[in-house]
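Enquirer: Have a look at the structure that comes next, please.
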Amino acid sequence: MAGVNDELWTALRRVTWRLVGLGALSGLLAGYAALAVAELVSAAVRPESGPVVAVGGAAIDRTPSAVKDWAIQEFGTDDKLILQLGILGVLALGALALGVLAARHRRLGSAGVLLFGVVGALAATSRPDSTGITDALPSLVGSVAGAALLYVLAGRLRQRPVASEGAAAREDEGEAEGWDRRGFVMAAAAAVAASTAAGLLGRALNGSQGANAVASRNKVVLPAPASAAAGVPEGAQPRVPGISSFVTSNKAFYRVDTALVVPKVNAETWRLTIHGKGVERPMTLSFDDLLRRELIERDITLTCVSNEVGGPYIGNARWIGVRLADLLAESGVEPPSRGGPADQLVARSVDGMTIGTPVDDIMDGRDAMLALGMNGQPLPFVHGFPVRMLVPGLYGYVSACKWIRDIELTTFDDYDAYWVKRDWAAKAPIKTQSRIDTPKPFARPKAGTVMVAGVAWAQHRGIDKVEVRVDDGPWQRADLAAEDTRDTWRQWSFPWKATSGGHTITVRATDRAGDTQTEKRTRTIPDGASGWHSVAVTVD
Ligand SMILES: Nc1nc2c(c(=O)[nH]1)N[C@H]1C(S)=C(S)[C@@H](COP(=O)(O)O)O[C@H]1N2
Ligand SMILES: [Mo]
């Protein structure tokens, strides 16, 4: 009796292993096939309509601002990579589970794959940049391919009445056990080959769309600006090791946006439309139209509202562009302060971002521009090629639309832009702030003179004073480096006579309006962090 039991047990274990192990493998293969086919279809629709990008984007759209802010703080620009890996992880788990399910219940497992496709399709069509129902295709077609494959593979795993098979087939070990081992292996191998081919072809096609954009960028020659920036004054950059460079290189410039795939826009087919309330002469402009206009060159420091006290999301570059106020005036726009009907300019990007800016700020004489160049180069793709907006003095989320394609004049009453819908303030001038770049937190400088240095900013007002305090001592004036313009940050330094022991260094700035930074710490939501930056060090 024991022998029979053992045999039965072994047979049962075999069947279980086959159903669980090979079922799971079938699920993974189905998931792989679905993503590969979706990639190929997305090349025919739009690269952004692929399921992982679409679900990731939809997740970003729906993430509460607090969580998103936390992700930006925690992972910085890696937040997008982590999100995509997370989605792939969830998909893999789902595929494994559906594969095991399909081994027992073929139809149910395959239907589950279709359900994933529906989720992807809903995500893709719900994105603000969705161009219509075709965005659903990559997820739907991909999931149909995945479901069909799972159905076929699960079929090969099924128990068959051994007696009905011919003697020849019985040489196959799988057949002997009552399942179609040869059929499974062949179907799986064919699926891997076909999926890989489809995926690679899709990748290549998606890549070649970007190639046109890259070629159009390589062709750009920025004309000399009619109005050049005054040179950066000598002495704007204190020679203190560890202080921020006055000009931030394009490579080092911070990046904050919601784009999982960096939009690759072909400058030759790009157009910008200007229309809306009070626009008497709507305009459509090409990239060449902008290049032929009078260009201005300006140093402008850009800051993100998500920058914590002491944070890194600030950069200063030399931009070339077209004065936005001139374009608006030409199209007949009057600012509300002169009786115009529109108080908000809404910029829309090719990736569906909307950014609302007060028309009065744009037309009050400051150098608000449609920027085409950054530090002598055409805009890098990550910074908005071919054209982005910039308005000195306002946080990026209310002024600096990258990959801009449309400008609509409207009112703050009538329209809430992307971040305003998500509880950020509709109007957000940059708060006066200062940061200690050196020494770094928990540094161990030697007793004696230690150079404390950093940056302070209050764009469009200008910085008039920076003070440093050691522990609970008195506030002492730091040396201010030369000012470039009131739209740029200002470097400062302070020779500190450091005595041994633990010390906390604190900085605060005063802007040209005479307002000193408040000590009160606030969160970045809804309109930017306030408070003083402190660094704790131990002097040896
Ligand atoms: N299309 C688009 N433009 C955008 C954003 C975005 O998510 N999408 N983010 C804005 C925010 S929040 C900031 S701070 C700046 C950052 O510009 P940068 O990445 O070039 O530094 O771009 C702004 N323009
Ligand atoms: Mo931002």
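Enquirer: Report the full-extension gain for the segment residue 447 to residue 249: residue separation times 0.36 nm, less the Cα-Cα distance, to one decimal in nm. Provide the component values of the computation, followed by the final result.
Expert: Values: separation 198, 0.36 × 198 = 71.28 nm, distance 3.37 nm.
Stretched out fully, the residue 447 to residue 249 stretch lengthens by 67.9 nm.
Enquirer: Calculated FRET efficiency, residue 192 and residue 377, Cβ-Cβ r, R0 45 Å, to nearest 0.05?
Expert: The calculated FRET efficiency here is 0.60.
Enquirer: Largest first and to the nearest Å, give the Cα extent of region 1-83 along each principal axis.
Expert: 66, 35, 19
Enquirer: Here's something else I'd like to know. To make sure I understand the rule: partners must be aspartates and glutamates, Cα under 20 Å from the Cα of residue 421, and not fewer than 8 residues away in the same chain. Which ones qualify?
Expert: Within the straight-line limit of under 20 Å, residue 421 reaches these aspartates and glutamates: 61, 69, 129, 257, 343, 351, 406, 408, 413, 527.
Enquirer: What Rg and what Dmax come out for region 357-452 when only alpha-carbon atoms are used, in angstroms?
Expert: 18.7, 60
Enquirer: Lys and Arg at +1, Asp and Glu at -1: add these up for the other residues within a Cβ distance under 12 Å of residue 278 and post the number.
Expert: -1
Enquirer: While we're looking at this one, here's another question. Among 380, 358, 531, whose Cα lies farthest out toward the positive end of the dipole of the chain, if unit charges sit on the beta carbon of Lys, Arg (+1) and Asp, Glu (-1)?
Expert: Positive-most Cα among the choices belongs to 380.
Enquirer: If we sort 337-344, 297-304, 220-227, 17-24 on the protection proxy, mean other Cβ atoms within 10 Å, highest first, what's the order?
Expert: 297-304, 17-24, 337-344, 220-227
Enquirer: How high is the FRET efficiency from residue 440 to residue 44, r the C-beta distance, R0 60 Å, rounded to 0.05? Show your work: numbers first, answer last.
Expert: Numbers: r = 50 Å, r/R0 = 0.84.
After rounding, the FRET efficiency stands at 0.75.
Enquirer: Testing the spin-label approximation: label points 7 Å from Cα along Cα→Cβ at residue 476 and residue 512. State their distance in nm.
Expert: Rounded to a tenth, the inter-label distance reads 2.9 nm.
Enquirer: Suppose every K and R has +1 on its Cβ and every D and E has -1 on its Cβ; what is the size of the dipole of the chain about the Cα centre, in Debye to the nearest 20?
Expert: In total the dipole reaches around 900 debye.
Enquirer: Also: How far, in degrees from 0 to 90, does helix 106-126 lean away from the longest principal axis of the Cα atoms of the chain, to the nearest 10?
Expert: Compared with the principal axis, the helix lies near 20 degrees.
Enquirer: Before I look further, what does the chain give for accessible area per residue, probe 1.4 Å, in whole square angstrom?
Expert: Values: 24030 Å² over 540 residues.
Result: 44 Å² of accessible area for each residue.
Enquirer: Taking every alpha carbon pair in region 385-540, what does the distance histogram look like in 10 angstrom bins from 0, in percent?
Expert: For region 385-540, the binned pair fractions read 10, 33, 28, 18, 8, 2, 0 percent.
Enquirer: Just to be sure I understand the model, the point goes 7 Å from the Cα along the line to the Cβ. What's the resulting residue 131 to residue 185 distance in nm?
Expert: 4.6 nm
Enquirer: Dipole size in debye (nearest 20) for region 439-524 around its Cα centre, Lys and Arg Cβ +1, Asp and Glu Cβ -1?
Expert: It comes to approximately 300 debye.
Enquirer: Let me ask another. Run lengths n ≥ 4 of DSSP H only: what is the helix-derived mean residue ellipticity at 222 nm for the chain, with -39500 (n - 2.57) per run over all residues, to the nearest 500?
Expert: Calculated mean residue ellipticity at 222 nm is -11500 deg cm²/dmol.
Enquirer: What's the extension gain from residue 85 to residue 360 if we count 0.36 nm per residue and subtract their Cα-Cα distance?
Expert: Taking 0.36 nm per residue and subtracting the Cα distance, the gain is 94.7 nm.
Enquirer: Using a 1.4 Å probe over the heavy atoms of the protein chains, calculate the carbon and sulfur portion of the accessible area of the chain as a whole percent.
Expert: 59 percent
Enquirer: Right, here's the next one. Bins of 10 Å, beginning at zero and ending with the bin holding the largest distance: percent of Cα pairs per bin for the chain, please.
Expert: 4, 15, 21, 20, 15, 11, 7, 4, 2, 0, 0
Enquirer: Full extension from residue 73 to residue 425: what is 0.36 nm times the residue separation minus their Cα-Cα distance, to one decimal in nm?
Expert: The span from residue 73 to residue 425 would gain 124.8 nm if fully extended.
Enquirer: Relative to the first principal axis of the alpha-carbon coordinates of the chain, what is the inclination of helix 79-104, with its axis defined by its Cα atoms, in degrees from 0 to 90 and to the nearest 10?
Expert: So the helix axis and the longest Cα principal axis differ by about 10 degrees.
Enquirer: Would you mind putting 492-500, 467-475 in packing order, based on average other-beta-carbon counts within 10 Å, highest first?
Expert: Those peptides, ordered most packed to least, come out 492-500, 467-475.
Enquirer: So which of 431/465; 427/520; 251/431 end up more than 23 Å apart, counting from Cα to Cα?
Expert: Working: 431/465 15 Å; 427/520 20 Å; 251/431 25 Å.
Check vs 23 Å cut-off fails for 251/431.
Enquirer: Once R0 is set to 51 Å, what does the formula 1/(1 + (r/R0)^6) return for the Cβ-Cβ distance between residue 20 and residue 66, expressed as a FRET efficiency to the nearest 0.05? Each step should come with its number before you reach the end.
Expert: On the way: r = 41 Å, r/R0 = 0.80.
That pair, residue 20 with residue 66, gives E of 0.80.
Enquirer: Treating the beta-carbon of each Lys and Arg as +1 and of each Asp and Glu as -1, no other charges, what is the dipole magnitude of region 1-78 about its Cα centre, to the nearest 20 debye? List each step's numbers first, then the result.
Expert: Values: 6 positive and 8 negative charges, 61 e Å.
Charge dipole, region 1-78, about its Cα centre: 300 debye, nearest 20.
Enquirer: For the chain, what is the relative contact order in percent, using Cα pairs closer than 8 Å and at least 6 residues apart in sequence? Intermediate results must be reported in sequence, preceding the final value.
Expert: Details: 1159 pairs, mean separation 69.0, N = 540.
It comes to 13 percent, rounded to a whole number.
Enquirer: Another one. If one computes the Cα centroid of region 525-540 and of region 431-452, what distance in Å separates the two points?
Expert: Measuring centre to centre over Cα atoms gives 11 Å.
Enquirer: Follow-up question, since we're still on this one. Accessible surface of residue 437 in the full protein assembly, 1.4 angstrom probe, to the nearest 10 Å²?
Expert: 10 Å²
Enquirer: Moving to a separate point now. Taking a ≥ b ≥ c as the square roots of the Cα gyration tensor eigenvalues, with a/c under 1.5 meaning rounded and otherwise prolate when a/b beats b/c, else oblate, which class fits region 284-389?
Expert: Oblate shape, in that a/c is at least 1.5 and b/c is the bigger or equal ratio.
Enquirer: So for 80, 431, 264, 520, what's the accessible-area order with a 1.4 Å probe, most first?
Expert: The residues order as 520, 264, 431, 80, largest area first.
Enquirer: Mind giving me the nanometre distance, one decimal, between the label points for residue 284 and residue 416, set 7 Å out from Cα along Cα→Cβ?
Expert: Taking the two extended label points, one gets 3.3 nm.
Enquirer: For the full complex of protein chains and a 1.4 angstrom probe, list 208, 306 by accessible area with the highest value first.
Expert: Sorted by accessible area, descending: 208, 306.
The values are calculated or read from the model by the stated rules, or taken from the named source; none is laboratory data. The shown structure was predicted, so the numbers you read here are calculated from the model rather than taken from an experiment. Glycine also receives a Cβ, built like all others from the backbone with ideal geometry; neighbour counts cover every protein chain displayed. Only protein heavy atoms, including side chains, enter the accessible area calculation; ligands, DNA and RNA are left aside. Shrake-Rupley method; radii C 1.70, N 1.55, O 1.52, S 1.80 Å.
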